[in-house]
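A short worksheet on the structure shown next.
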Amino acid sequence: RAMGLTDRRRAIVLFGDSLTQRSFEPSGWGAALAHLYGRRCDVYNRGFGGYNTRWCRSMVGELFPADETPLLATVLLGTNDAALFDVEPAAHVPLEEYEDNLTAIVTHLKSRCVHVMVLTPPCMDERQRLAFQKEKYGADAIGVLDRSNANTERYARCAARVAKKLNVPCVDLFEATWKVCGVSSHEKKVARQDSVDPWAEPSAASPTNASASETNASKAEDVFVDGVHFSAFGQKLVFQTLTERIRAYVSSFHETGLTNGSYTLDPECMDSDWPFGPVLRGEPGEWRDKMYAHFRSATIAPTLRSGDTKSRSVWRVEASAYADAENRLGRGLAALAVAAGVGLGM
């Protein structure tokens, strides 16, 4: 390695499609996670827009090699797999294959990472998706959905089953987004066969249903920007849902006593890479002692290729010890010079 940027921080890897790739937007859930674990973990975004589990499975071995051990990997895949075959045949992955692919991906991650969490694909705003289609393509818009809530829910439930089968935590984004959108799985959705004229005004014949539909649509538009990708509010919702699940997971580790070292996901229980600035303030000459004390006592579990770890650590201990001894010697000589009434000429 040319630089020691990753030597003293753990790694969190976000793996998925565009919902992960876009998580590093200014208000993104990945960016918020990086802020939450600041100075303790580096959060790596490995989101690939447009990808499905078939394509992600083909490269998971290279992304997560045997000589690296991330603290946490999240997996958010399924939105593209659930694309309707007759509209997006290249993206679509049959449900049975999706389950097999996701099982293989999570199994591999479990062999590489300390913790793995599966995030289900969220719901979508079907009306907003159709409106976005018209806005983007104009007269060329096909006027039918490329995805549907009914189909995406099948993939979300499958993701939850895979998580349970492999004994890893599941973050149910479908349920979380569904609740905010103000609908239940038994309420009427926009069906593809009903979308011949998807931009027509609601019928006045059923004002009650129209009012409820408009209310739900308004809430859904708060979550998404194009019916599929998250708005700033949607990004915040994902972050809150994920961190709530992390807190619950951390609580289970507290109960078993695994609250520190390389096991914890609680940022408050993690040592920082180096001392925080306020710790180093005080007497001008004490900062080096404090840094060396932190270096020796902090529990650090970085993601490193194994060949670099030992030599780097030994060099740093020897260099820090030498610097510490040199600093102490300098202060001792200065004290003797003052006592003798002479200067050091420095």
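Couple of notes before you dig in:
- The set of residues in the stretch 156-195 that are modelled with pLDDT of 95 or more, among the hydrophobic types (A, V, I, L, M, F, W, C) and assigned to a loop (DSSP other than H, G, I, E, B) comprises L166, V168.
- Count of residues meeting criterion [outside any loop (DSSP other than H, G, I, E, B), in contact (Cβ under 8 Å) with a residue 60 or more places away in the chain and open to solvent by 10 Å² or more (accessible area, probe 1.4 Å)] in the stretch 137-155: 2
- Cβ separations smaller than 7 Å between residues 6+ apart or across chains give the following pairs from the stretch 293-305 residues that are under 10 Å from R8 (Cα atoms) and open to solvent by 50 Å² or more (accessible area, probe 1.4 Å) to residues that are part of a loop (DSSP other than H, G, I, E, B) and at pLDDT 90 or above: T299/D271.
- Across the stretch 79-103, the qualifying residues are those that are touching a Leu at 6+ places or on another chain (Cβ under 8 Å), of a type in the set (A, V, I, L, M) and open to solvent by less than 30 Å² (accessible area, probe 1.4 Å), and the one among them that is farthest from V13 (Cα to Cα) is L84.
- Within the option set V43, V75, being under 29 Å from N151 (Cα atoms) and open to solvent by less than 40 Å² (accessible area, probe 1.4 Å) holds for one residue only, V75.
- Whichever residue in the stretch 104-128 is within 19 Å of T243 (Cβ to Cβ) and hydrophobic (A, V, I, L, M, F, W, C) and, among such residues, is surrounded by the most Cβ atoms within 10 Å (Cβ to Cβ): L119
- Condition met for V180 (in contact (Cβ under 8 Å) with a residue 24 or more places away in the chain, more than 13 Å from L119 (Cβ to Cβ) and β-branched (V, I, T)): yes
- G38 falls short on exactly one of the conditions (1) closer than 28 Å to L145 by Cα; (2) small (G, A, S); (3) surrounded by fewer than 16 Cβ atoms within 10 Å (Cβ to Cβ), and that condition is (1).
- Residues in the stretch 57-96 that are modelled with pLDDT of 95 or more and of a type in the set (D, E): E62, D81, E96.
- Restricting the stretch 261-292 to residues that are touching a residue at least 60 places away in the same chain (Cβ under 8 Å) and among the small types (G, A, S), the residue that is nearest to L71 (Cα to Cα) is S262.
- Residue within the stretch 270-290 that is surrounded by 16 or more Cβ atoms within 10 Å (Cβ to Cβ) and either modelled with pLDDT under 85 or of a type in the set (D, E) (or both) present: yes
- Residue identified as assigned to a helix (DSSP H, G or I) and modelled with pLDDT under 90 among S262, S252: S252
The values are calculated or read from the model by the stated rules, or taken from the named source; none is laboratory data. On a predicted model such as this, the values are computed, not experimentally measured, just so you know. Cβ sites come from the backbone with ideal geometry, for glycine too, and all protein chains shown count toward neighbours. The protein model used for the area step is the full one, side chains on, heavy atoms only, and it has no ligands, DNA or RNA in it. Shrake-Rupley method; radii C 1.70, N 1.55, O 1.52, S 1.80 Å.
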